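Accompanying notes for the structure given below.
The values are calculated or read from the model by the stated rules, or taken from the named source; none is laboratory data. Given the structure is predicted, the values throughout are model-derived calculations rather than measurements. Methodologically, a virtual Cβ is constructed for each residue, glycine included, from the backbone with ideal geometry; neighbour enumeration extends over all protein chains shown. Note: accessible area is taken over every heavy atom of the protein model, side chains too, but ligands, DNA and RNA are not part of it. Shrake-Rupley method; radii C 1.70, N 1.55, O 1.52, S 1.80 Å.
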Amino acid sequence: MQKQTKIKGFIFDLDGVITDTAEFHYKSWQKLADEEDLFFNREVNEKLRGVSRMESLNIILADQDIPAAKKKEWTDRKNEYYQKYLTEISKADILDNMEAKLEKLKAEGYKLAVGSSSRNAKKVLKQLKITNLFDIIADGNSVERAKPAPDLFLYAAQGLGLKAAECVVLEDAESGVEAALAAEMRVIGLGPESRVGKADLVYANVSEINFEEIIKKL
Ligand code: BG6
Ligand code: MG
């Protein structure tokens, strides 16, 4: 943790931090799994938090060997189901006061970025009507190597014109916390210690996030 460096920007994961799309991802995978007779349940779903679409399918398949073309068809179909759910979301789906918190940080002069593994991130932000709060949106299309590689967060920092040490990441996934640490950024974990305990500071849920405390402590 780079305590001595002044915080100049915040990089927000999207799913599970700004909005809770995890349930839609779950339902979409479950529908595909039922159709294709794949083993899937909520426990397996927990392992998919923060993980890219194809890597999620690989986790569901465990060691089953499936041709690449079929895997592409399955991930496309899962995405179709997911995108249908996305048409239903609106401002009301922004988690606990997050919009007001983002607006306050922006007014205080902090740079704000999204750093999400999702290729649907821009679509989600548009539905939530908060795209303009962010200086840069780094998503699943921005870099090759997904979380836990540091690439996405480094790309976001570069887009903000900041050094890694000047950025704080907010994450709800173990892979995301690892990615932020690999990028040598400070990181706030959201969720149980068992999942995000490696973070510099942990809040049990989004409603407990306290930016004054973060700025003071980190
Ligand atoms: C992450 C989610 O934000 O995005 C994962 O936590 C999801 O569950 C990943 O698999 C990729 O999303 P998408 O929208 O590109 O399928
Ligand atoms: Mg997440």
ask   = Residue check, D15 against (1) assigned by TED's automatic domain parsing to the domain that holds T131; (2) more than 10 Å from ligand 1 (Cβ to nearest atom), all met but one. Which one?
value = (2)
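Condition check ((1) acidic (D, E); (2) within 16 Å of the chain's Cα centre (by Cα); (3) within 9 Å of ligand 1 (Cβ to nearest atom)) across all residues:
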| residue | (1), (2), (3) |
| --- | --- |
| E46 | yes, yes, no |
| R53 | no, yes, yes |
| I60 | no, no, no |
| I66 | no, no, no |
| A69 | no, no, no |
| K84 | no, no, no |
| I89 | no, no, no |
note = Residues of segment 81-123 being within 16 Å of ligand 2 (Cβ to nearest atom), farther than 24 Å from E178 by Cα and among the β-branched types (V, I, T), in sequence order, are I89, I94
note = Among D37, D63, the single one that is at positive phi and away from ligand 2 (no atom under 16 Å from the Cβ) is D37
ask   = Given K78, K70, which one is open to solvent by less than 40 Å² (accessible area, probe 1.4 Å), modelled with pLDDT of 95 or more and not β-branched (V, I, T)?
value = K78
Residue, nearest to ligand 2 (Cβ to nearest atom), within segment 10-26, restricted to residues that are assigned to a helix (DSSP H, G or I) and crowded, with 16+ Cβ neighbours inside 10 Å = A22
ask   = If N41 satisfies every condition in (1) within 22 Å of E178 (Cβ to Cβ); (2) open to solvent by 30 Å² or more (accessible area, probe 1.4 Å); (3) at pLDDT 95 or above but one, which is the exception?
value = (1)
